[in-house]
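Asks: Before I ask anything, here is the structure I am working with.
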Amino acid sequence: MQAAGMADCNSSAAVTVKEDRGGGGGGGSSLKRRAGIVATCVVAGSVAALYAAAGPFVAPALRRVCLPFVPATPAQVENVLKALQARSGSLVDIGSGDGRIVIAAAKNGFQAVGFELNPWLVWYSRYRAWREGVRHSTSFYISDLWKVSFSQYTNVVIFGVPQMMDQLENKLQRELQSSAKVVACRFPFPTWVPDSITGEGIDAVWTYDAQTFKSRKQDV
């Protein structure tokens, strides 16, 4: 009887050990499933955050004419100011980016305006203008350049791309007054002849006199 009892006890112990092992394995699987869910949520959240952050910067590049945000170098800003050093009055920066041209122009006495399609850059430009003390002599607008008239501005700055320069040349030809000056950075206009070129390489800027290109258009 004792032998039989011991056998029963051993059998019960074996069953208990198997159950304990089975319970431990289930717990491990559950932890793995939870870790997998957490990892999936983290990855999905990261992708969503990246899309939200990058979306406003990428979206303008998906339009008909790509005008990506490429910050002006300090040399480019300086060359723009040199090209307009004898000028005053109103200035507009077409595709104003983070506002550095507008802010620099305001510090040099211009009433400066920037048009930019990217709302994040416009908000940041307004903050920079406030921080640098030129909030009252600068304005920044969220707008498509093709839907804005530039007829009221006597100084125009553009950081364009080759695909848009031909269309923009025709637009400014129609809208600007004869007293206006146009400064093109990085890429010149296709048919206008510049009055002067300031700087070299990627920092070069081309200055155009509206009276000159308007009169040549009439002669043609």
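Read the figures in this text as sums done on the coordinates, not as results from a lab. None of these values were measured; they are calculated from a predicted model. Cβ placement follows ideal geometry from the backbone for every residue including glycine, while neighbour counts extend to all protein chains displayed.
Asks: Quick one: TRP146, TRP120, TRP192, fewest Cβ neighbours within 10 Å first, how do they rank?
Replies: TRP146, TRP120, TRP192
Asks: Right, something else. What distance in nm separates the two pseudo spin-label positions at GLU132 and GLN85, each 7 Å out from Cα along the beta-carbon direction?
Replies: Using points 7 Å along Cα→Cβ, the separation is 1.9 nm.
Asks: Residue by residue through segment 172-188, what is 3J(HN,Hα) from phi via Karplus (6.51 cos²θ - 1.76 cosθ + 1.60, θ = phi - 60°)? Round to whole Hz and write x for glycine and proline.
Replies: 5, 4, 6, 8, 6, 7, 5, 7, 7, 10, 10, 10, 9, 10, 6, 10, x
Asks: Taking amide H atoms as placed 1.01 Å from N in the peptide plane, list the residues 5 or more away in sequence, or in a different chain, whose amide H sits under 5 Å from that of GLY114.
Replies: Answer set, sorted by chain and number: ASP93, SER139, PHE140, TYR141.
Asks: Output wanted: per-residue J couplings in Hz (rounded whole) for segment 90-95, from phi through Karplus 6.51 cos²θ - 1.76 cosθ + 1.60, θ = phi - 60°, x for Gly and Pro.
Replies: Taking θ as phi minus 60°, the curve returns 8, 9, 10, 10, 8, x Hz for segment 90-95.
Asks: What percent does the relative contact order of segment 74-219 come to when contacts are Cα pairs within less than 8 Å and at least six residues apart?
Replies: In percent, rounded to a whole number, it is 23.
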